[in-house]
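Undergrad: Handing you a structure now.
Nothing in this text is a laboratory measurement; each read-out follows from the coordinates by a stated rule. These numbers were taken from a predicted model, which means no experiment stands behind them. A quick note on method: Cβ atoms are made from the backbone with ideal geometry, for glycine too, and the neighbour counts reach across all protein chains shown.
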Amino acid sequence: MSTLRAMLVLGMLEAFGPLSMDLYLPQLPQLAASLGTTEALGQATMSACMIGLGLGQLVAGPLSDRFGRRRPLMVGVTAFAALSVLCAVAPNIELLLLARFLQGLAGSAGIVICLAIARDQFEGAELSRMLSLLFLVSGTAPIIAPVLGGQLARIMDWRGIFWVLGAIGVVLLLVVVFALPETLRPAERHGGGLRALGGHAGAVVRDRLFLAVLCAAAGGGVAFFTYLSMSSFVLQDEFGLSPQTFSLAFAAGALASIVGSQTSRLVVRRWGPLRVYLGGVTATLIATAAFLVLALTGTGVLGVVIALIGFMLCSGIGGPNGQTLALAHHGSRAGTASALLGMATFLFGPVLAPVAAGIGGTNAVTMAVTMAIAAAVAALAAWAFVRPAAV
């Protein structure tokens, strides 16, 4: 598979997560009101999906190491489309939460297997460059989705958004069937059952470098999910932005993330994945600290939006290089390694962000404190553990 084809196909498939979250993000307050539930439970629909995205990778990743990449991916895409329809017709918040969790389980296949496919074909700085190129495609989803969601809010409610997600799932299934070849040769697959899967997972977690990146990724995941789950409430309810204006602000952050990833692609051959990664996580901490200062001093919405855009820019620089370092020693185990890394990124945020909101309320200060602490944990893990293990 050529680099251009891989970039386009994998980028489209990796958009599962952003599409599942960002398309209905502008309508989150309206969803809560429509179902007669609280803002916390409205945010929990995102948490449920993210938890599913994290846990599902533990199944999809190892299965792709055993059966190849295509079959588990087709099953996941098909289930994603069907569960989007279930979300659309959910009569109450309880069924919607369950459907969102299952939708996350299904969508996890796209995220983890795409990363494994990239590792099948590239390594080192070239893998980092490929992941940055891949993000050039998948990163357009967070730009287009909230803007499209904001415009769709003019003509349909949140249920209509999930019907749109179901149609997108069908399109992605056609992409897998007709445009994605198998990249894991039969000779490289493991043939065992749970014991073999456990052996692969054990080999991954014994890698000091992988564990170090895993810890940093967990902190980064908490910061990102806090941004994702609280930004619509903070910017719309606290600062008075309309759904359409919020979607533009959110899209600007997603565009900044793409700029960050492409900056990484341009400099990684010269500086190497480790140095670019350390620079990215350090800059991310600085951006969240600036957001915290602005939130505590009561600065207006413009300063807050600029700080959040800076956070996304810096996150885009570090992300591809952290993945590259984590997968460096795991070729045939790329699916299992990607699953564990994805679990850390997707699982802790959906648990800790609602706890923070429950303690401090859904406001700018709570959001900023949570993001800053999480970014500090990520930066500490990167400098204290990733750097020594990678040198």
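Undergrad: Cβ neighbours within 10 Å, averaged per peptide: list 40-48, 299-307, 334-342 in order, most packed at the top.
TA: Ranking the peptides 40-48, 299-307, 334-342 by packing returns 334-342, 40-48, 299-307.
Undergrad: Just from its helices, what would the mean residue ellipticity at 222 nm be for the chain, if runs of 4 or more DSSP H residues each count -39500 (n - 2.57) and the sum is divided by every residue, rounded to the nearest 500 deg cm²/dmol?
TA: -28500 deg cm²/dmol
Undergrad: Considering Cα pairs under 8 angstrom that are at least six residues apart, work out the relative contact order of region 35-122 and quote it in whole percent.
TA: 46
Undergrad: Okay, moving on. Per Stokes-Einstein, at 4 °C and 1.567 mPa s, what whole-number D in µm² s⁻¹ belongs to region 9-104, with the Kirkwood radius over Cα pairs as the hydrodynamic radius?
TA: Calculated translational D: 92 µm²/s.
Undergrad: Moving on to the next point. Tell me which DSSP H helices of the chain clear both cut-offs, 24 Å or more of axial length from alpha-carbon atoms and a mean Kyte-Doolittle hydropathy of at least -0.5.
TA: Span-like helices in the chain: 39-67, 70-89, 93-121, 158-179, 208-233, 243-296, 301-327, 334-360, 364-381.
Undergrad: Could you order the peptides 149-157, 258-266 from most to least packed, using the average number of other C-beta atoms within 10 Å per residue?
TA: Ranking the peptides 149-157, 258-266 by packing returns 258-266, 149-157.
Undergrad: So, in nm, how far is label VAL85 from label ARG185 when the simple model puts each one 7 Å beyond its Cα toward the Cβ?
TA: About 4.1 nm, to one decimal.
Undergrad: Normalized C-alpha radius of gyration of region 314-391, against 2.2 N^0.38 Å?
TA: 1.30
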